[in-house]
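Engineer: Okay, handing you the structure first.
The values are calculated or read from the model by the stated rules, or taken from the named source; none is laboratory data. If you're wondering where the values come from, they're calculated on a predicted model, not measured in any experiment. Quick reminder, even Gly has a Cβ in these numbers, built from the backbone with ideal geometry, and neighbours come from all protein chains shown. The protein model used for the area step is the full one, side chains on, heavy atoms only, and it has no ligands, DNA or RNA in it. Shrake-Rupley method; radii C 1.70, N 1.55, O 1.52, S 1.80 Å.
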Amino acid sequence: MARLERLFRRRVPVERVITPELARICTELSHEIRRQIGLLINRRGTVEAVIVGTDRQLVLPTLSRSRSGPRLLRGVRLVHTHLNNQPLTKDDLTDLALLRLDLMVAIGVGVDGGPADVFVAHLLPQNPQGKAYEELKPCGFHAFQMDCGQFVQSLESEISKVTPTLRVTEDRPTAILVSVSTGNRAVQEERLEELRDLACSLGIHVLGSTVQRPHEINPRYMLGSGRIREVIIHALQCGAEMLMFDQDLTPTQIRTISELTEMKVLDRTQLILDIFSRRTHTRGGKIQVELAQLQYLLPRLSQSSTAFSRLGGGIGGRGPGETKLETDLRRVRDRVAHLERELHMLARHRDQQRLMRVRRGVPVVSIVGYTNAGKSTLLNVLTGSTVSVRNRPFETLDTVNRRFRLPNGREVILTDTVGFLRDLPEGLVRAFRTTLEELHEADLLVHVVDASAPDSDGQIKAVETILSGLEVDGIPQILVFNKCDRVSREEAHTLCRRRHGIGISAIQPETLGPLRLALEEALARVKPDEQWPCSAVAGRDTKVSPVPEVIAS
Ligand SMILES: Nc1nc2c(ncn2[C@@H]2O[C@H](COP(=O)(O)OP(=O)(O)OP(=O)(O)O)[C@@H](O)[C@H]2O)c(=O)[nH]1
Ligand SMILES: [Mg+2]
C-alpha cells in the first residue's frame, strides 16, 4: 500500500505518457497482487488518482467536471496495467468515449512483472464513418514514443475545428434527439419532427436525431445497455450537451441514463413544461405551469433526490429545481396546496365575469385546435386584434377574449386558447384544466386544422381526444381547414368534403366569407336570439363552395 501511495501526486514530464519508472512500479505491483492498477494523469503530468481494480477491470472514480463539459477532451488520461499483456478491451474503449479521456493507455504486464507492450487509443474528431476512437498499433514499452502533450493538444484543436457547434452556436444549448419506439415507424418519425420544432422554438440547436426501434423497451435505459452507450458516444462526438428523448422517461430511466453521462437527459414532458414556463405571462398561467412542474417532480423526487442533480439550471432545469429529499417533499406538497388554493380563487373571479357575460346574452365562440394551426391568426383577422402569432408551437398559452360583430350585426365573444399536441403530458392537461374549462362556457367551438400538415387526420384525432377528455365534445363544432393557400385546390376540396369542413386561409381575409356565414347560421341554431332568429339567415344562400375561388389562385 505504501508503494501505491507513493504514486499519488507524482509528476510525469508533459511530453511523456508515463515514465519508465512509474510504469515499472505499476506493472510490478500488478504482477504481485494480480490486479489492475490505474493512474489518472492530468495535462500538467500530475497523477490525480491511483486506482486498484480486479484482475480484469478498473472502476473509475467520478471525474471532476471542471473542464469544458462534454464538448472537448476531459484533460486527464488513464494509464493502467493489463495482466497477461492483454490489449485494450471493449469496456476500456467505451470508457474512453463516454468520459472523453485524453488517452486510454494499457501497459501489458510481462511474465517477469516488467512492462511488456503498450496499447493506446484516442478519440476521433467527428467523421463521416461515425467512428468514435482509434487504436494505435501496439508496440513494446521501451520502443514506444509519443509526445503526449503535443498529441493531445493537436487532437483537441482538430476536434474543435470539425465539431460545428463549437464554432457556430456559442451560447445556444445543443442537443441530439432520440426516439425509441416499438410502434408505427411513420408516426415515430413525425413525432420526432414535432420534437425538433419544440426544441428549436426554445432556441436549442439540434445537432441530429436518432430513431431507435428495439424489440422491447428496456426498463432501465429505454434501449439495451450497449445501444444506449453508442447513442451517448455519438451525441458526445457531435458536441451535444443534451440527450432529448421523444418518449417520456421513467424516474429510473432518467437516473440510470444520467449515471452514464454528464449530458443533460430530458424527455418530451420536461421540454413542453419548459416551453410553457417561458411563454405564459398571466398569473393563472404561471400557477398552472408551476403546478404541472411540481406534479412532474413529485414522483421523481420520492424515488431519488440525485436524479435531478444535473438539472440545476438552463433548459429542463427551470422551475422547482433540486431540493433535499425529506424536507422538500413536504415543502413541494405545501406549495402544491397553496397554488391550488390560489388557482381556485382565480377561477371564482372568472366565474363572476362569466356570469356577467351570460346575463348580457352574448354568445361565446371558442377557437380550438392543434398548436400552430393558425388559431390566433384567425382571431386577429376576425376581430381586428393583434394577438401574438408566430410559426412555433405553443405561442398562445393564455386565453384571449375579443368581441366582434358578425355580418348580420350580432355581437360575439371569440376566445383563443392554448393549442393542443398529441400526447400532451397528462399533468399539463390537468394543470391547465382551469384555462381549458373556459371551453365549457362556449356555445360553439371552431376547430381549426392546418390543412397543409402532413398528418392532419392525426392532429384532428389528437384534438378530439383532448376535447372529449375535457367533456366538451358535446358542444357544437365547426371544422375549419386553415392554410388552404398551402395546398392544391383539389386537396383542399377533398379534405373539406370528407370531413364536412370549411376551407379558409386566415392570411387571406377575402376567403373568410363562408366561415362568417357558417358562424351566423350555427349560432342562430345553438343560441337563438330574438334579434337574429334562425329565419334571418335561413333565406340566405349559404350553399357556398367550401373552398372559395380566391384560394385557388
Ligand atoms: N400560409 C399560411 N400561414 C398561416 C395561415 N394562418 C396562420 N399561418 C401562420 O401559421 C403560424 C402559426 O399561426 P398562429 O396563429 O400563431 O397559430 P396558433 O394556432 O395560434 O398557434 P399556437 O398559439 O402556438 O397554438 C404563423 O406563422 C402564421 O403566420 C394561413 O392561412 N396560411
Ligand atoms: Mg396562438
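Engineer: Can you tell me which residues in segment 308-336 are open to solvent by less than 40 Å² (accessible area, probe 1.4 Å) and modelled with pLDDT of 70 or more? Full working, then the answer.
Structural biologist: Within segment 308-336, the subset open to solvent by less than 40 Å² (accessible area, probe 1.4 Å) is 308, 311, 313, 315-317, 321, 323, 328-329, 332, 336.
Across segment 308-336, the qualifying residues are D328, L329, V332, V336.
Engineer: Which residues, taken from segment 415-429, are under 25 Å from Q353 (Cβ atoms) and open to solvent by less than 20 Å² (accessible area, probe 1.4 Å)? Write out each step before concluding.
Structural biologist: So in segment 415-429, the residues under 25 Å from Q353 (Cβ atoms) come out as 415-420, 428-429.
The answer is T415, D416, T417, V418, G419, F420, L428.
Engineer: Of the residues that make up segment 93-110, is at least one farther than 19 Å from G226 by Cα and open to solvent by 20 Å² or more (accessible area, probe 1.4 Å)?
Structural biologist: No, segment 93-110 has no match at all.
Engineer: Inside segment 366-385, can you point out the residues that are among the β-branched types (V, I, T), near ligand 2 (Cβ under 9 Å from one of its atoms) and assigned to a helix (DSSP H, G or I)?
Structural biologist: First, pick out the residues of segment 366-385 that are among the β-branched types (V, I, T): 367-368, 371, 377, 381, 383.
Imposing the further condition that a residue be near ligand 2 (Cβ under 9 Å from one of its atoms) reduces the set to 367, 371, 377.
Within segment 366-385, T377 is the sole residue that qualifies.
Engineer: Keeping to segment 463-521, report how many residues are free of Cβ contacts under 8 Å to residues at least 60 places away in the same chain, part of a helix (DSSP H, G or I) and closer than 30 Å to R430 by Cα.
Structural biologist: 6
Engineer: Continuing with the same structure: Being within 11 Å of ligand 2 (Cβ to nearest atom), over 17 Å from V480 (Cα atoms) and hydrophobic (A, V, I, L, M, F, W, C) narrows it down to one residue among V412, V400; which is it?
Structural biologist: Values: V412 fails: within 11 Å of ligand 2 (Cβ to nearest atom).
Being within 11 Å of ligand 2 (Cβ to nearest atom), over 17 Å from V480 (Cα atoms) and hydrophobic (A, V, I, L, M, F, W, C) holds for just one of V412, V400, which is V400.
Engineer: Pull out all pairs, ordered by first then second residue, where Cβ-Cβ is under 6 Å, the residues are six or more apart or on different chains, the first lies in segment 360-381 and is β-branched (V, I, T), and the second is assigned to a helix (DSSP H, G or I) and away from ligand 1 (no atom under 13 Å from the Cβ).
Structural biologist: V364/E441
Engineer: Can you confirm whether A451 is of a type outside the set (D, E), buried (at least 19 other Cβ atoms within 10 Å of the Cβ), more than 16 Å from ligand 1 (Cβ to nearest atom) and under 25 Å from R516 (Cβ atoms)?
Structural biologist: Details: of a type outside the set (D, E): yes; buried (at least 19 other Cβ atoms within 10 Å of the Cβ): yes; more than 16 Å from ligand 1 (Cβ to nearest atom): no; under 25 Å from R516 (Cβ atoms): yes.
So A451 fails the test.
Engineer: List the strands (runs of 3 or more DSSP E) inside segment 114-200, counting only whole elements, that have at least 1 residues being under 30 Å from N372 (Cβ atoms) and touching a residue at least 40 places away in the same chain (Cβ under 8 Å). Write out each step before concluding.
Structural biologist: Working: elements: 115-123, 133-135, 174-180.
So the answer is 174-180.
Engineer: Surrounded by 20 or more Cβ atoms within 10 Å (Cβ to Cβ), in a loop (DSSP other than H, G, I, E, B), away from ligand 1 (no atom under 13 Å from the Cβ) and modelled with pLDDT of 85 or more - does that describe any residue in segment 430-443?
Structural biologist: yes
One line per residue, one yes/no per condition, for (1) within 30 Å of A175 (Cα to Cα); (2) among the acidic types (D, E):
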| site | (1), (2) |
| --- | --- |
| R24 | no, no |
| E32 | no, yes |
| R35 | no, no |
| R44 | no, no |
| L72 | yes, no |
| L88 | no, no |
| G113 | no, no |
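Engineer: Any chance you could count how many residues in segment 23-48 are part of a helix (DSSP H, G or I), touching a residue at least 24 places away in the same chain (Cβ under 8 Å) and open to solvent by less than 70 Å² (accessible area, probe 1.4 Å)? Outline the logic, then answer.
Structural biologist: Residues of segment 23-48 part of a helix (DSSP H, G or I): 23-33.
Next, from what is left, pick out any that are touching a residue at least 24 places away in the same chain (Cβ under 8 Å): 23-24, 26-32.
Adding the requirement that they be open to solvent by less than 70 Å² (accessible area, probe 1.4 Å) leaves 23, 26-27, 29-31.
Residues in segment 23-48 being part of a helix (DSSP H, G or I), touching a residue at least 24 places away in the same chain (Cβ under 8 Å) and open to solvent by less than 70 Å² (accessible area, probe 1.4 Å): 6 in total.
Engineer: Looking only at segment 397-414, filter to residues that are within 13 Å of ligand 1 (Cβ to nearest atom) and over 13 Å from V381 (Cα atoms); which one of those is most open to solvent (accessible area, probe 1.4 Å)? Walk me through how you get there before you give the answer.
Structural biologist: If we filter segment 397-414 for residues that are within 13 Å of ligand 1 (Cβ to nearest atom), which is where we start, we get 397-400, 414.
Applying the additional criterion that residues be over 13 Å from V381 (Cα atoms) yields 397-400.
On the way: L397: 4, D398: 26, T399: 44, V400: 26 Å².
Once the filter is applied, the top-ranked residue is T399.
Engineer: Here's another thing I want to ask about it. Please go through segment 475-500 and pick out each residue that is open to solvent by 70 Å² or more (accessible area, probe 1.4 Å) and closer than 30 Å to R433 by Cα.
Structural biologist: Q477, R499, H500
Engineer: So which of Q288, Q270 ends up being under 26 Å from V180 (Cα atoms) and either modelled with pLDDT of 80 or more or not small (G, A, S) (or both)?
Structural biologist: Values: Q288 fails: under 26 Å from V180 (Cα atoms).
Answer to the check: Q270.
Engineer: Considering only residues of segment 137-153 that are of a type outside the set (D, E, K, R) and open to solvent by 60 Å² or more (accessible area, probe 1.4 Å), which is nearest to A116 (Cα to Cα)?
Structural biologist: H142
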